[in-house]
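The values are calculated or read from the model by the stated rules, or taken from the named source; none is laboratory data. Values in this document were obtained by computation on a predicted structure and should not be read as measured data. Here the Cβ positions follow ideal geometry from the backbone for every residue, glycine too, while neighbour counts run over all protein chains shown. We work out accessible area using only protein heavy atoms, side chains counted, and drop any ligands, DNA or RNA first. Shrake-Rupley method; radii C 1.70, N 1.55, O 1.52, S 1.80 Å.
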Amino acid sequence: QVQLVESGGGLVQTGGSLRLSCAASGSIISINYMGWYRQAPGKQRELVARIATGGSTNYADSVKGRFTISRDNGKNTVFLQMNGLKPEDTGVYYCNAEGIFASSGTYRYQPAWGQGTQVTVSS
């Protein structure tokens, strides 16, 4: 089993900043990607940012230039620095990891999800 523990969400005013952290632990052979998704009320979960082991990144167009994703491979930890927050950034942010993890006694490539942390940006 793999556990992803998120921290750093909260309430902030428009233009403010927050830093999210997520640490993966458990039966991990390797992690290829770590990232953040978010889900606003009444909307589907969407990719915010993702980073590969080698450091290549992907960002949603709506957050480019404002958010920065980084990763500590040695600690299986991913961070999301969010600057210039807007009300439309409000939602539950979920940490995601993709790699080779143990499941029911076998190791296979699969995703894992955190429980989510609430980010609220007031106008």
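Values for this structure:
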| item | result |
| --- | --- |
| Approximate spin-label separation T53-Q3, in nm, with each point projected 7 Å along Cα-to-Cβ | 2.4 nm |
| Residue-normalised accessible area of the chain, expressed per residue, 1.4 Å probe, Å² | 52 Å² |
| Candidates D61, D72, D89: whichever shows maximal mean-square fluctuation once the chain is modelled as a Gaussian network with Cα springs under 10 Å | D61 |
| Whole-angstrom gap from segment 1-52 to segment 94-123, using each part's C-alpha centre | 8 Å |
| Most fluctuating residue given options P87, P111, P41, as computed from a GNM of the chain linking Cα atoms under 10 Å | P41 |
| From the C-alpha gyration tensor of the chain, square roots of 5λ in Å | 26, 14, 12 |
| Charge tally in the Cβ shell below 15 Å around T90, where Lys, Arg are +1 and Asp, Glu are -1, T90 excluded | +2 |
| Total charge dipole magnitude, the chain, about the Cα centre, Cβ charges on Lys, Arg, Asp, Glu only, Debye to nearest 20 | 60 debye |
| Accessible surface of the chain [probe 1.4 Å, protein heavy atoms]: carbon and sulfur percent | 47 percent |
| The chain: relative contact order in percent, alpha carbon pairs under 8 Å with at least 6 residues between | 36 percent |
| Cα coordinate range in segment 59-123, projected on the principal axes (Å, largest first) | 48, 21, 20 |
| Under-5 Å amide H pairs with S103, H placed in peptide plane, nonlocal only | R108 |
